[in-house]
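Step one of this worksheet: look at the structure below.
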Amino acid sequence: MQANPRLPLGDDARTLPAGYYTDRDIYRAEMDRFFRRSWVCAGRQDQVRGRGDYFLREVDEESIIIVRDLEGSVQAFYNVCRHRGTRLCSTPDGTFRSMISCPYHAWTYDLKGRLVGAPHMDGTPRFCKDDYPLYPVGVSTWDGHIFINLDGGRSPLEAQLADLPAKLRPWKMEELRLVERVVYDVKANWKLIIQNYSECLHCPIIHPALQGLSHYLSGVSDAPHPSYLGGPSDLRAGVETLSMDGKRRSDVLSGLPPEDWAKVYYYSILPNLLLSLHPDYMLSHTLWPRSPDRTEVICEWHFHPDAVANPGFDPRGAVEFWDMTNRQDWQITELSQLGLKSRVYTPGPYSDREDLLHYFDRMVSQDEDAASSGRGARE
Amino acid sequence: MQANPRLPLGDDARTLPAGYYTDRDIYRAEMDRFFRRSWVCAGRQDQVRGRGDYFLREVDEESIIIVRDLEGSVQAFYNVCRHRGTRLCSTPDGTFRSMISCPYHAWTYDLKGRLVGAPHMDGTPRFCKDDYPLYPVGVSTWDGHIFINLDGGRSPLEAQLADLPAKLRPWKMEELRLVERVVYDVKANWKLIIQNYSECLHCPIIHPALQGLSHYLSGVSDAPHPSYLGGPSDLRAGVETLSMDGKRRSDVLSGLPPEDWAKVYYYSILPNLLLSLHPDYMLSHTLWPRSPDRTEVICEWHFHPDAVANPGFDPRGAVEFWDMTNRQDWQITELSQLGLKSRVYTPGPYSDREDLLHYFDRMVSQDEDAASSGRGARE
Amino acid sequence: MQANPRLPLGDDARTLPAGYYTDRDIYRAEMDRFFRRSWVCAGRQDQVRGRGDYFLREVDEESIIIVRDLEGSVQAFYNVCRHRGTRLCSTPDGTFRSMISCPYHAWTYDLKGRLVGAPHMDGTPRFCKDDYPLYPVGVSTWDGHIFINLDGGRSPLEAQLADLPAKLRPWKMEELRLVERVVYDVKANWKLIIQNYSECLHCPIIHPALQGLSHYLSGVSDAPHPSYLGGPSDLRAGVETLSMDGKRRSDVLSGLPPEDWAKVYYYSILPNLLLSLHPDYMLSHTLWPRSPDRTEVICEWHFHPDAVANPGFDPRGAVEFWDMTNRQDWQITELSQLGLKSRVYTPGPYSDREDLLHYFDRMVSQDEDAASSGRGARE
């Protein structure tokens, strides 16, 4: 195995100023820009298979209901009653029987968000139920992933994803089924988690098991795109997938061309989805910032239903491998967060193996106008 | 039983903007206006029966000592030594033996707050004990209720209570004795608790037991007054009081005219007393805001001493009934607090069954000058 | 025993305004002035006896590594990697094997703080290891105490200590060894702890055991100095030291003249060292402010190695005595913090037995320019 050469970075390839990780105003601006005005990955269609099925997602400081309506479409609403503002639903997931009814005074909405019942409002002048639908949230889907946009979604999800759907078509992600979920509470800024995910220089030090299965210098990243970053790494000879013993317990996903049978593709899809595509399964992380120095991470393992149906199916090797690797990453990421708070910290120099971090930093640090007009990281 | 008709509300009868429940500046202004510059119900004379008896009350961010002095009057002081500012007393209630002595350097005050001992101050030029009494708090009483005014009380308690003492005279509340106390920590703004108390539209949904004993549309509220709101509800046929089985365990209070034997009167007395007058007992809630989204609630059950003295006296049915009902209310109130924080929340329309909430909102939201000049909710 | 006379204090001898104990801006300014720009006592050379030995100290919001380098000198560095800002070391104490290596990407520093290894930085233009040493912290020592200065130390430790080293020479503190450490979390401003330490008027009330061993009015304080305050107290007749039974379990320290065999010297050495010198042992408190109303206190008992080597050595009487006395002090100090927060609190008058507090208050409250130009508490 040989390391691929890199182009040298410019002199400005330095880590971000500390405020990007500690300052509440910058954090608020990022929440608005990335978590309210862009598409965020909320979960999987798999989670709302039946009509009326729903789950809640806490985005920034909002509680959002994602529900499959009676016609089979996925809808999303703010979890707020139009009467007195009560949170409508507290149970994290479940199934609505055709209606969402407020537990306080029984204002009732159908699964398209229309107000259909409002007791004792006859005496209120000019009251009209049509004026009080649930506040809508934009919904779009891609290969089984549900994206939501709190601002409604002025530009389509497709613009944000660019050529990624074409690139990831072979994995037929929409066919995959959730097998395991682990939720982590990481005491670090959300961007540190993406930065950690975007380089493997730390792998020989932090992840000896991973390094044993996949060399940290292998693979060539795709050219960076304003809304996603990533590329493949090679599995070492004889390694079939990333799991405790490097062996697959199920077949290679059926659409994959042979040249991808010994690679893992890693993509950070801004702002909150980390997608790790293995020959036999998909690992997803979604990031949910809670404060400048705290991020909730939902990690899920998704396999093909044919594999799951196999009597000998055993995902434990893959689950254990990534749970261990995740915890190693969170620990070092939390140490980054702690160190960055120091008043002496100044931006440090990146190596050319940290080029994706430099592109990522430029994407998040450029001014918002430039960002929203679509001018990207390269200019 | 038939519902009483209501006058339709105006177009402006909408819930308050979210800031009234979440904004720290508005909260601070409310604490100053309602909890420092008006009379708040601190407790009952019953709690300081003997000379030297005291209890502490935390009002806004102040600790206040309420004590019966050696002449039998109730006094209230800030719990702050005039020497180095030490908190004088930490035990929530007890009895002082004629003096309050600072645990740090033994500055000693009598129960009228006068400094009577200050060791080793002889070398301090111009030091005079008369200059360092405890900081006084205004005290006034009404039918056994002790009210305090942190600002001293520029206008008398009577002005704040208006015609309420005359109206509630028949219950002879000063005769009643505390039988049970439960303290709740509610994760909601104090005003949401008053609003919840001021309508029963939610009763069929939230309180099935209460609804079984008293119909939610029964009763006609008194005309709203700038400092109190409320009125009676009717007990259903055969129901004697609010308790788990609807039966009284003691006689009707002796002063009550027969027309009140099957009613419960509910009054919210601004800013912090909720008084629920049953045929046989008095339930009181006092509200102690701790932050914009948190309120401590002290709930007490008070019965006539003759009832308590009866060998068969058993208050458990009343205690259990209201403890259950309280918890139902806190849960929905906490959901209101959570929903209101959403950035999409906008004031929603009230029904004409929520008219008292509308009057209450006007009272708390009008500008302070208008409030302090006595112009009320109706103008 | 007779009380020594005091000079009367001026009219301005009053406690500080509440903001000094509660205001975050004043707290930040104090942290900068006293904990970043002056010398603070970090610990003892005893803690880094061997080469490579280190301990961490959290000063204000910084983590500092104090380490003995391979040539035997004590060094101190910010615990921050120059690459991506990672906290280098999390274990509170231990031994480095000649290098400090970052756990993230293995940037490696020698124990003088020089960057000696930086993997994969070849592709970074103009990168030079010499440009990235660890951020240094000033280090100086006095009789076994290690002082650090986050700002590097523009003026020497000696200027800050003035004549104190000469005065305390007889105790030969550098010979003493740590025997016991207790860490306390005190819910009070750091200055309240120093003020409490600087007077014994409270001793008869708060510390009956101490009062039994040493009369609270005994001893004459040294003239106050801008950076330290204190003096001796006398042990009562027959009392040998401060311990549960007033008896020593080891000899008087060898350098002490007989006139000091029945005294305890107490010095508060700004900003964070309280030194209590007994005939047979040294007690030290170091103060670590965490917020305006919270201070971590490290209390240590140090004895002579000859005493420790004695088979019958038993420090428990001294440890238990001061642990008890400490807890009494923290409790009353926390009550001071609680009382001072009241809006009615105003500065109160000091007695002439609280003169050191008045000098201390003037030192911390005067404007920074005056302070840094060396004009002290007396002008």
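What's the number of the only condition in (1) out of contact with any Leu (no Cβ under 8 Å at 6 or more places or on another chain); (2) buried (at least 17 other Cβ atoms within 10 Å of the Cβ); (3) within 18 Å of residue A:330 (Cβ to Cβ); (4) among the aliphatic types (A, V, I, L, M) that residue A:164 fails to meet?
Only one criterion is unmet by residue A:164, namely (3).
Does residue A:86 qualify as being within 16 Å of residue B:341 (Cβ to Cβ) and more than 25 Å from the chain's Cα centre (by Cα)?
Values: within 16 Å of residue B:341 (Cβ to Cβ): yes; more than 25 Å from the chain's Cα centre (by Cα): yes.
The answer is yes for residue A:86.
Out of all the residues in region C:126-149, which are of a type in the set (A, V, I, L, M) and within 13 Å of chain A (Cβ to nearest Cβ)?
Across region C:126-149, the qualifying residues are C:134, C:137.
Taking region B:186-231, which residues are farther than 18 Å from residue B:263 by Cα and among the β-branched types (Val, Ile, Thr)?
B:186, B:193, B:194, B:205, B:206
Report, by residue number, each residue of region B:79-114 that is of a type in the set (Ser, Thr, Tyr), on the phi < 0 side of the Ramachandran plot and either touching a helix residue (DSSP H, G or I) at 6+ places or on another chain (Cβ under 8 Å) or surrounded by fewer than 24 Cβ atoms within 10 Å (Cβ to Cβ) (or both).
The first filter runs over region B:79-114 and keeps only residues of a type in the set (Ser, Thr, Tyr), leaving B:86, B:90-91, B:95, B:98, B:101, B:104, B:108-109.
Now restrict to residues that are on the phi < 0 side of the Ramachandran plot: B:86, B:90-91, B:95, B:101, B:104, B:108-109.
Scanning region B:79-114 gives B:86, B:90, B:91, B:95, B:101, B:104, B:108.
Considering only residues that are more than 21 Å from the chain's Cα centre (by Cα) and within 11 Å of chain A (Cβ to nearest Cβ), which ones fall in region B:9-33?
Result: B:9, B:10, B:11, B:12, B:13, B:14, B:15, B:16, B:17, B:18, B:22.
Which condition breaks for residue B:159 when tested against (1) surrounded by 15 or more Cβ atoms within 10 Å (Cβ to Cβ); (2) aliphatic (A, V, I, L, M); (3) away from every other protein chain (no Cβ under 14 Å)?
(1)
Can you name the residue in region B:67-78 that is closer than 14 Å to residue B:114 by Cα and over 21 Å from the mean Cα position of the chain (by Cα) and, of all such residues, is farthest from the other protein chains (Cβ to nearest Cβ)?
Once the filter is applied, the top-ranked residue is B:70.
For region C:115-140, which residues satisfy the criterion of being over 19 Å from residue A:342 (Cβ atoms), of a type outside the set (A, V, I, L, M) and either assigned to a loop (DSSP other than H, G, I, E, B) or in contact with a helix residue (DSSP H, G or I) (Cβ under 6 Å, 6 or more places away or on another chain) (or both)?
Selection gives C:119, C:120, C:122, C:123, C:124, C:125, C:126, C:127, C:128, C:140.
Out of curiosity, is residue B:330 modelled with pLDDT of 95 or more, touching a strand residue (DSSP E or B) at 6+ places or on another chain (Cβ under 6 Å), more than 11 Å from chain A (Cβ to nearest Cβ) and farther than 22 Å from residue B:243 by Cβ? Even if it seems obvious, please write down each step before you answer.
On the way: modelled with pLDDT of 95 or more: yes; touching a strand residue (DSSP E or B) at 6+ places or on another chain (Cβ under 6 Å): yes; more than 11 Å from chain A (Cβ to nearest Cβ): yes; farther than 22 Å from residue B:243 by Cβ: no.
When the stated conditions are applied, residue B:330 does not pass them.
Would region C:247-262 turn up any residue that is closer than 27 Å to residue C:337 by Cβ, buried (at least 22 other Cβ atoms within 10 Å of the Cβ) and touching a helix residue (DSSP H, G or I) at 6+ places or on another chain (Cβ under 7 Å)?
No, every residue in region C:247-262 fails to be closer than 27 Å to residue C:337 by Cβ, buried (at least 22 other Cβ atoms within 10 Å of the Cβ) and touching a helix residue (DSSP H, G or I) at 6+ places or on another chain (Cβ under 7 Å).
Would you check if residue C:352 is within 14 Å of another protein chain (Cβ to nearest Cβ) and at pLDDT below 95?
On the way: within 14 Å of another protein chain (Cβ to nearest Cβ): yes; at pLDDT below 95: yes.
Considered against the rule, which asks whether it is within 14 Å of another protein chain (Cβ to nearest Cβ) and at pLDDT below 95, residue C:352 comes out as yes.
Residue-wise test of (1) in contact (Cβ under 8 Å) with a residue 24 or more places away in the chain; (2) within 14 Å of another protein chain (Cβ to nearest Cβ); (3) closer than 19 Å to residue A:153 by Cα.
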{"position": "A:35", "(1), (2), (3)": "yes, yes, yes"}
{"position": "A:48", "(1), (2), (3)": "yes, no, no"}
{"position": "A:58", "(1), (2), (3)": "yes, yes, yes"}
{"position": "A:65", "(1), (2), (3)": "yes, yes, yes"}
{"position": "A:86", "(1), (2), (3)": "no, yes, no"}
{"position": "A:89", "(1), (2), (3)": "yes, yes, no"}
{"position": "A:100", "(1), (2), (3)": "yes, yes, no"}
{"position": "A:111", "(1), (2), (3)": "yes, no, no"}
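For residue A:25, indicate whether it is more than 30 Å from residue A:217 (Cα to Cα) and among the acidic types (Asp, Glu).
Judged against the criteria, residue A:25 is a match.
Would you kindly identify the helices (runs of 4 or more DSSP H) lying entirely within region B:279-366 that contain at least 1 residues that are touching a helix residue (DSSP H, G or I) at 6+ places or on another chain (Cβ under 6 Å) and crowded, with 22+ Cβ neighbours inside 10 Å?
B:316-340, B:355-365
For region B:62-102: of the residues being in a loop (DSSP other than H, G, I, E, B) and of a type in the set (Val, Ile, Thr), which is nearest to residue B:45 (Cα to Cα)? Spell out how you get there, then give the answer.
Within region B:62-102, the first condition is being in a loop (DSSP other than H, G, I, E, B), and the residues that meet it are B:69-73, B:79-92, B:96-98, B:102.
Okay, now just the ones that are also of a type in the set (Val, Ile, Thr), so B:80, B:86, B:91.
Details: B:80: 23, B:86: 27, B:91: 19 Å.
Taking the candidates together, the pick is B:91.
Would region A:214-226 turn up any residue that is more than 25 Å from residue A:303 (Cα to Cα) and loosely packed, with under 15 Cβ neighbours inside 10 Å?
yes
Can you go through C:123, C:152 and tell me which one is within 14 Å of another protein chain (Cβ to nearest Cβ) and surrounded by fewer than 15 Cβ atoms within 10 Å (Cβ to Cβ)? Talk me through it step by step, then tell me what you get.
Details: C:123 fails: surrounded by fewer than 15 Cβ atoms within 10 Å (Cβ to Cβ).
Going through C:123, C:152 in turn, the sole match is C:152.
Determine if region A:370-377 includes at least one residue that is over 15 Å from residue A:181 (Cα atoms), at pLDDT below 95, in a helix (DSSP H, G or I) and not aliphatic (A, V, I, L, M).
In the first step, residues of region A:370-377 are kept if they are over 15 Å from residue A:181 (Cα atoms); the result is A:370-377.
Filter once more, keeping what is at pLDDT below 95: A:370-377.
Add one more test, that the residue is in a helix (DSSP H, G or I), and what stays is A:370-372.
So of that shortlist, the ones also not aliphatic (A, V, I, L, M) come out as A:372.
Looking through region A:370-377, at least one residue is over 15 Å from residue A:181 (Cα atoms), at pLDDT below 95, in a helix (DSSP H, G or I) and not aliphatic (A, V, I, L, M).
For region B:39-51, check the following and say yes or no: at least one residue is in a loop (DSSP other than H, G, I, E, B), over 21 Å from residue B:227 (Cβ atoms) and either touching a Pro at 6+ places or on another chain (Cβ under 8 Å) or not small (Gly, Ala, Ser) (or both).
yes
The values are calculated or read from the model by the stated rules, or taken from the named source; none is laboratory data. All values reported here derive from a predicted model rather than from experimental measurement. Cβ coordinates were reconstructed from backbone atoms using ideal geometry, including for glycine residues, and neighbour counts include every protein chain displayed.
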